[in-house]
Structures are given as structure tokens and as C-alpha cells.
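*Asks:* The structure's right below; bear with me while I get my questions together.
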Amino acid sequence: MNFEFSEEQNLLREQTRGFLKDFCSPKVVRASLEANGPFNQELWRKVAEMGWTSTVIPEEYDGLGLSYLELSVIADELGRAMAPLPFSSSVYLATEAILAQGSKAQKEAWLPRLASGELIATFAMAENHGQVSPKNLTTTVTNDKIHGTKTPVPDGDYADLAIVVAQSSKGDGASWYLVDLTQSEIQRAQVRTLDPSRSHAQIDFNGASAELMGTDGGGWTATQNLLNRAAVLFAWEQVGGSDAALEMAKEYALGRYAFGRPIASYQAIKHKLAEMYVRNTLARSNCYYGAWALNTNASELPIAAATARVSAIQAYYFAAKENIQTHGGMGFTWEFDCQFHYRRSKILAVNVGSERQWQDKLITAIEQTSAA
């Protein structure tokens, strides 16, 4: 199957890249990293004005009503720029969750505010004890009051709204609950990670009000569907970052001289750059497959998502690591920008599940397809 973005989507890419070049330079990323605090709010306002936060939200809820192919293009460029924004949490996860499982009233209440960027939302699934399953969820809801702790929650330290995976009020499985994070009962604490420009938090709910979203007890199936969809968009961010890391390494290798020759002329460096290119190309090919499956809601989505996710994790980490190696000793210093890609590659590798988890998902999806 041949797949490529359309002329209009490539024009969107040019516009997106130009915007981020102007407003999300490496200096902006560095400032966010050094601040170790809230995301770049001015950049978020500009991104919302561009309509990116409303890309796939239907027009009836004040969105643009575009496809997931356009959102994939935006994700690719955000990854390339390493944008210090809560975009993935709010758009790939929370907005998608409400679109998938929200009632009409819930959509009318929250989607227009998410589309405008007025609100930031997140998806709270992880708990401290490790990989979550319906059997070991400790967060519970009783009489519309939520108790327990979620950690780490991406962008949970400043999100206004969370979709929380918790034990069903009937005690027979996981459910989704909408929780307004501005309630006084809720306590939040920042969780330190390798990449402070993508913050995480611990959230203690302490009996705050929670509203059921979707069917009671149907949250685990909904979660797996959501993660498959989000994985494709996360993979696009990763391949965008991976390509940018390769370009950074290539430019340095062409401009750095040793013994009167650019280091790019030496075989060892050529092999590094070639291996980065091969891995990036494979990951991007898998992301095209994932974008097609996501946009058409194809039955192949579980396989496509897992394949894109695994290859993108591997490609970005390898490119980020080899970019540092290409820069030599200076690549390890605070003053060089190589660290940005290394930090981002590590944090994106564990959002919505680790490489090992997605490898297991891929094996399961292949087995199910073969047995059908």
C-alpha cells in the first residue's frame, strides 16, 4: 500500500514548521527546561489560536473538524521542535477520551473549552505499584466521590480536568470518570522526571466529586482503544524528534573538522548517520501505516499502532544517543542542545506504555489476527 500526505497536508506541515521555528526555538525549549516549572503559556496560547488544539474536534463543538492525518502532521512537527507543551495529554488523550466516551452533555460542556485551549486536560491511569490492570486498580469511586492516588500523571500539576481510570462503583471492573482538578479536596505534587519540559504530577483525590463517563465497568476496553489511538500520535512526535536529532548530528559532522577533514568524511561517523537514517525511515513508514489505520478506524489499528510505537521508540532513542556521540565530549555538556532530544526520547518512551508493553501488545494483536 502506498501512502503519503496530500498537498494540503504538506502545506500544513510547512505552516506548522514555520510557526514553530519562529516561536519554539531551542532557546524556548532551554528556558522551559531550566525553569523546571509550568509549561510555556504564551506558546500554548499561540498554538490554540492556530487551531491545533481543536484539529479533530467536530465543528458542532467549536472545532475545526479535520482528520487525524492533519493531527499527525502537527504531531510530527511538534516532536521536531520538542515543544514544551501539554499537547499530547490534552489532545491525544483527554480530548480523544471525551470524543470516544463522553455523553452529549459532557461533550458540550468540555470540548469547546478544550478546543479553544482555555482548558488543559489529562488522562490519569498510572499508579505507583507498576503496570495497572483492572485487578490491581486502587483508585475507587463511591457515591460519585473519588479516592486514591494517581502517579505519575502527565501534565497533572497544572491540568484543569482529568479523565481518571478507577474501579467501577459496582466493583466489577474499571470505569472512566471526569474529575475537575480545581476542586479544593485535590492535592497535587510535581514528580521530577528526566525531562522537566514535560511535567508529571502525583494527584491525591481525597473524596473529590467524579462524574462517570461511558459505561460503568467498560473503562478497560475503552482504555485499550484510547491507547492504540494515542500511540500513533506519540509515534509521530517521536519520529519528528528523531529526524531533528539526525539533522543536528549531520550538520555538526559536516562543520566539525579533525586532521583537516570534516568528521562526516570518516567511516565511523558515516555509519552512525546511516544507521540513524535507516531507523528513522523504518519508523516513519510504520507511522504512515498507523496514520492511515487511525484515520480510517481500520481493524488493523492495534497492529499498526504497536508497530509504529515500537519502531518510533527505538529510532528516537538511537538517534538521540548517537547525536550526543557524534558531538563527542561536548555533546554531554549542558551548553549543547543534544540533551533536549535525549531527555524527550526517554520521557516519550514511557508515556502510554513502555517499549516492552507495546512489544507484548504487538505479539497479542498478531496472534489474534492469525487466529481470526
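Every number in this text was worked out from the coordinates using simple rules, so none of it is lab data. The structure displayed is predicted, hence computed values, not measured ones. Cβ coordinates were reconstructed from backbone atoms using ideal geometry, including for glycine residues, and neighbour counts include every protein chain displayed.
*Asks:* In nm, to one decimal, how far is the modelled label at D144 from the one at E7, with both set 7 Å along Cα→Cβ?
*Replies:* Simple spin-label model gives 5.4 nm for this pair.
*Asks:* Provide the net charge surrounding Y266, with neighbours chosen by a C-beta distance below 12 Å and charges set as Lys +1, Arg +1, Asp -1, Glu -1.
*Replies:* With Lys, Arg at +1 and Asp, Glu at -1, the neighbours total +4.
*Asks:* Expressed as a rounded percentage, what relative contact order does the chain have, with Cα pairs under 8 Å and six or more residues apart?
*Replies:* Relative contact order of the chain: 15 percent.
*Asks:* So if I place +1 on the C-beta of Lys and Arg and -1 on the C-beta of Asp and Glu, and nothing else carries charge, what would the dipole magnitude of the chain be about its Cα centre? I want it in debye, nearest 20.
*Replies:* With only Lys, Arg, Asp and Glu charged at Cβ, the dipole is about 1260 debye.
*Asks:* Suppose we keep just the alpha-carbon trace of the stretch 7-115; what are its Rg and Dmax in angstrom?
*Replies:* Cα radius of gyration and Dmax of the stretch 7-115 are 14.3, 42 Å respectively.
*Asks:* Also: Can you give me the C-alpha center-to-center distance between the stretch 82-153 and the stretch 286-365, rounded to a whole angstrom?
*Replies:* For the stretch 82-153 versus the stretch 286-365, the Cα centre distance is 22 Å.
*Asks:* Of I363, I203, how do they rank once you tally other Cβ atoms within 10 Å and put the fewest first?
*Replies:* Details: I363 11, I203 28.
The most exposed by this proxy come first: I363, I203.
*Asks:* Please list, or write none, the lysines whose alpha carbon is within less than 19 Å of the alpha carbon of K270, excluding same-chain residues fewer than 8 places away.
*Replies:* Cross-link targets: K250, K321.
*Asks:* Please sort by residue number the GluC sites (Glu not before Pro) in the stretch 309-372 whose DSSP state is loop and whose Cβ has at most 15 other Cβ atoms within 10 Å. Can you show the working numbers first?
*Replies:* Working: sites: E322, E335, E355, E367; in loops: E335.
Here the GluC sites (Glu not before Pro) that fit, given the DSSP loop and packing criteria, are E335.
*Asks:* Show which lysines lie in cross-link reach of K46 when reach means a straight Cα distance below 20 angstrom and same-chain residues fewer than eight apart are skipped.
*Replies:* Within the straight-line limit of under 20 Å, K46 reaches these lysines: K21, K27.
*Asks:* Mind sorting V179, V29, V239 by how few other Cβ atoms lie within 10 Å of their own Cβ, fewest first?
*Replies:* Starting with the residue having the fewest Cβ neighbours, the order is V29, V179, V239.
*Asks:* What does the convex hull of the Cα atoms come to per residue for the chain, in Å³?
*Replies:* That works out to 144 Å³ per residue.
*Asks:* Using alpha-carbon positions, what is the distance between the centroids of the stretch 185-259 and the stretch 1-80, in Å?
*Replies:* The two parts, judged by their Cα centres, are 15 Å apart.
*Asks:* Which of T138, W176, V153 sits closest to the plus end of the dipole of the stretch 121-215, meaning its Cα is farthest towards the positive end, when Lys and Arg get +1 and Asp and Glu get -1 on the C-beta?
*Replies:* Farthest towards the positive pole: T138.
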